[in-house]
Structures are given as structure tokens and as C-alpha cells.
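Before any comments, here is the structure.
The values are calculated or read from the model by the stated rules, or taken from the named source; none is laboratory data. All of these numbers come straight from a predicted model, not from anything done at the bench. Note: ideal-geometry Cβ built from the backbone for every residue, glycine included; neighbour counts use all protein chains shown.
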Amino acid sequence: MKVLLTGLTAYAISFLILLVVFYSHERTKVGPLARRVLVIMTQMAAIFALAPATLYVLLMGLLRKHR
């Protein structure tokens, strides 16, 4: 249960960070190149933020089943 809460908390925090980043760069009027760079950075942030949480939840789920 504690593991699940930790995973969900990690998801929530990363999701909030992504929302803030996306909203802030949507609001500012930037050029097409800068916008493309920001979109790529947002996607990279998504991958780096969500991958560890996903792996953690999956690994803990597998370990929990084998016990």
C-alpha cells in the first residue's frame, strides 16, 4: 500500500510539473523554433519524470506477487 502511494505521489508531482511547464510556455508568445525546443524539452521532462515512477510501480508489483 505504501509503495502504491509513493508511486502515485511521484506521478502526481511529475504531472503537476508538466502542467506548469506546458502552461507557462503556452502563455508566452515565442518564435516557432523556441516553441519547438520547449515542446521537445517538455516531452523529455515527461519521459524522465514518468519512466522511473512507472518502473518503480511495475517492479514493486512484480516483487509483491512473487512473495
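With respect to the numbered conditions (1) surrounded by fewer than 12 Cβ atoms within 10 Å (Cβ to Cβ); (2) modelled with pLDDT of 75 or more; (3) more than 14 Å from the chain's Cα centre (by Cα), which one is the sole condition not fulfilled by GLY31? Condition not satisfied by GLY31: (2).
In segment 38-49, the residues that are without any contact (Cβ under 8 Å) to a residue 24 or more places away in the chain and surrounded by 12 or more Cβ atoms within 10 Å (Cβ to Cβ) reach residues that are part of a helix (DSSP H, G or I) and among the aromatic types (Phe, Trp, Tyr) with C-beta atoms within less than 9 angstrom, at least six apart or across chains, in these pairs: LEU38/PHE22; VAL39/PHE22.
Restricting segment 35-67 to residues that are basic (Lys, Arg) and closer than 22 Å to VAL21 by Cβ, the residue that is modelled with the lowest pLDDT is ARG35.
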